[in-house]
Amino acid sequence: MSAKVAVIKNKILSENWFVLRNFTYELTGKSGETIRHKREVYDRGDGATILLYNREKNSVVLIRQFRIATWVNGNDSGLLTETCAGLLDNDSPEACIRKEAIEETGYEIGRVEKLFDLYMSPGGVTERLHFFAAEYNDSLRVTSGGGVEDEDIEVQELSFPEAWRRVQTGEIKDGKTVLLLQHALIAGWLKPD
C-alpha cells in the first residue's frame, strides 16, 4: 500500500556537498485524517559496504579514518574503525564496492555475496546502503590501500576475536560494521574465540 502524501513545499536549503531539502507535506493516516509535517531531508545518494573476511586466519580487514560527524558528536579523535564503503556514484552496488575495496584496503576481491540493503537513518537521510561480504587472502592484495586524493585511511587486519572484543567494549561504534561483524558471527564464517 502506497503512502498518501501531498507535498506542499520542497525547498533546497543547501547544495554544497549533497542536497539538503526542507519538505512540508501532508500525510493521510489510516483513519483518513491528514497530518501536516515539516522535515529536513539530506540526500547523499546510496552506498555500498563490504566485510572482507578470512576463514582460515579467522580475521577481517577493516579501515580507520577521520569522520567529522563523529568528532562533532563527542568522538575526541574523530577516528572511526569501519568496513570499507563508498557512495555508488552511478555505479552498480557491486561495481562500487569492488572499486572501493581496492582503493581503501588494497584487496582486489573475487566472488562477492550480496547480503541485504538497508536504510541507515530513515528519519532524515535518503541513503540506502547495500551490504556485501567477500573472502580475502594475502594473494589478493594488489596495493597498500589507504584511499585516494583527500582520504587518509589506515588499513587494519584484525583477528575476529579482537574485532568482536572491540564491538563489545564500544571501541567499534560504526553501525554498518557492527551489522556485518554480527552477520559473520551468526553465519558461522568466523569464531569469536
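The values are calculated or read from the model by the stated rules, or taken from the named source; none is laboratory data. All figures in this text were calculated on a predicted structure; none of them were measured in a lab. Here Cβ is always computed from backbone atoms with ideal geometry, including for glycine, and neighbour counts include all displayed protein chains. For accessibility, only protein heavy atoms count, side chains too; no ligands or nucleic acids. Shrake-Rupley method; radii C 1.70, N 1.55, O 1.52, S 1.80 Å.
If you check Glu104 against the conditions, is it within 20 Å of Asn54 (Cβ to Cβ), surrounded by 13 or more Cβ atoms within 10 Å (Cβ to Cβ) and among the acidic types (Asp, Glu)? When the stated conditions are applied, Glu104 passes them.
Residues of the range 146-171 that are among the aliphatic types (A, V, I, L, M) and assigned to a strand (DSSP E or B): Val155, Leu158.
Here Ile12 does not qualify as farther than 18 Å from Val125 by Cβ and either β-branched (Val, Ile, Thr) or assigned to a loop (DSSP other than H, G, I, E, B) (or both).
When both residues are 6+ apart or on different chains and their Cβ atoms are under 6 Å apart, which pairs have a first residue that lies in the range 115-141 and is more than 22 Å from Leu52 (Cβ to Cβ), and a second that is basic (Lys, Arg)? Short answer, once both residue conditions are applied: Tyr119/Arg128. Considering (1) open to solvent by 50 Å² or more (accessible area, probe 1.4 Å); (2) over 24 Å from Arg111 (Cα atoms); (3) among the hydrophobic types (A, V, I, L, M, F, W, C), the lone condition that Ile186 does not fulfil carries the number (2).
If you go through the range 29-42 and keep only what is out of contact with any Leu (no Cβ under 8 Å at 6 or more places or on another chain) and open to solvent by less than 70 Å² (accessible area, probe 1.4 Å), you end up with Gly29, Gly32.
Considering the range 45-99, the residues that are free of Cβ contacts under 8 Å to residues at least 60 places away in the same chain, open to solvent by 30 Å² or more (accessible area, probe 1.4 Å) and part of a strand (DSSP E or B) include one that is farthest from Ala134 (Cα to Cα), namely Leu79. Among the residues of the range 122-143, those that are open to solvent by 60 Å² or more (accessible area, probe 1.4 Å) and out of contact with any helix residue (DSSP H, G or I) (no Cβ under 7 Å at 6 or more places or on another chain) comprise Pro122, Gly123, Arg128, Glu135, Asn137, Asp138, Ser139, Arg141.
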